[in-house]
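Engineer: Sharing a structure below in structure tokens format, with a few things to ask.
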Amino acid sequence: MPELLDRVVYLSAVCLSDPAMVTEKWDVLDDNVLDAAAARITVPDTANQGVVRLNWRAAHADPVLFAQLRAAVMADSTDHQFRMLLDSMDPDENYAVLEEGAVARAAPWGAVPHTFVRLTEDLSIPPAVQDYMIRKADELTPENPFDVRTLAASHVGYFSRPHLFAALLADLVRAASR
């Protein structure tokens, strides 16, 4: 329903814009550090529920795991901030975000202005992967490419440094009202 949206903003988020992105290997090195740490907190036997269940709170009892997850997700935080984040995380990651139904279509998605906020310190979705998704989306809608903004922040830097993101969003609103 593009008529209900003024803009879509991706904060270093998955943006699938080509069906091949679901079925084929991506043409980019994904050297994220989250996968190995997430494997350590994955709850077995949840695939039949359509989710990957992660026990984020397991990091509280394991200093090595805590450090790995913090580096992957929120390296620009204090330990206290990361503990608060762990306690607020939803344990279920939906498989549907990586399925055919999640692939953007030129219409109606391409009709909505969209901004991709690149996070240069993101080790969960590294900048090279972010750039790949931006490039693929721009190929889908060359007449409406991403408005790309860049912040020096981790994957969930909005949690530890919300002022950066608030300023960016306020700038987008000001730009739209001109």
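Engineer: What angle, in degrees between 0 and 90 and rounded to the nearest 10, separates the Cα long axis of helix 63-73 from the longest principal axis of the Cα atoms of the chain?
Structural biologist: Once rounded, the angle reads 0 degrees.
Engineer: Provide the gained length on full extension for the span Glu143 to Asp131, in nm with one decimal, where the gain is 0.36 nm per separating residue minus the Cα-Cα distance.
Structural biologist: Answer, rounded to one decimal: 2.5 nm.
Engineer: So which GluC sites (Glu not before Pro) in segment 91-178 are both in a DSSP loop and have at most 10 other Cβ atoms within 10 Å of their Cβ?
Structural biologist: Sparse-neighbourhood loop GluC sites (Glu not before Pro): Glu143.
Engineer: Grab the Cα-Cα distance for Ala102 and Val9, subtract it from 0.36 nm times how many residues apart they are, and report the gain in nm with one decimal.
Structural biologist: Taking 0.36 nm per residue and subtracting the Cα distance, the gain is 31.9 nm.
Engineer: Next question, about the same structure. Distance from the Cα centre of segment 94-133 to that of segment 154-174, in angstrom?
Structural biologist: With segment 94-133 and segment 154-174 each reduced to a Cα centre, they are spaced 18 Å.
Engineer: Shifting gears a bit: What do you get for the angle between helix 79-88 and the principal long axis of the chain? Use alpha-carbon atoms, 0 to 90 degrees, nearest ten.
Structural biologist: So the inclination is approximately 80 degrees.
Engineer: What's the angle, to the nearest 10 degrees (0 to 90), between helix 127-140's Cα axis and the longest principal axis of the chain?
Structural biologist: The helix 127-140 is inclined about 30 degrees to the chain.
Engineer: Next question. If you take the square roots of the eigenvalues of the alpha-carbon gyration tensor of segment 95-148 and sort them as a ≥ b ≥ c, do you get rounded (a/c under 1.5), prolate (a/b over b/c) or oblate?
Structural biologist: oblate
Engineer: Same structure again: Work out the length of the dipole vector of the chain about its Cα centre, built from +1 on the beta-carbon of each Lys and Arg and -1 on the beta-carbon of each Asp and Glu, and round it to the nearest 20 debye.
Structural biologist: Roughly 500 debye for the chain.
Engineer: Multiplying the sequence separation of Ala67 and Val28 by 0.36 nm and subtracting their Cα-Cα distance, what value in nm do you get?
Structural biologist: Taking Ala67 through Val28 to full extension adds about 11.4 nm, to one decimal.
Engineer: Can you tell me the order of 53-60, 11-18 when each peptide is scored by its average per-residue count of other Cβ atoms within 10 angstrom, highest first?
Structural biologist: 11-18, 53-60
Every number in this text was worked out from the coordinates using simple rules, so none of it is lab data. Everything quoted here is computed from the prediction, not taken from an experiment. When we count neighbours, we look across all protein chains shown, and the Cβ atoms used for this are built from the backbone with ideal geometry, even at glycine.
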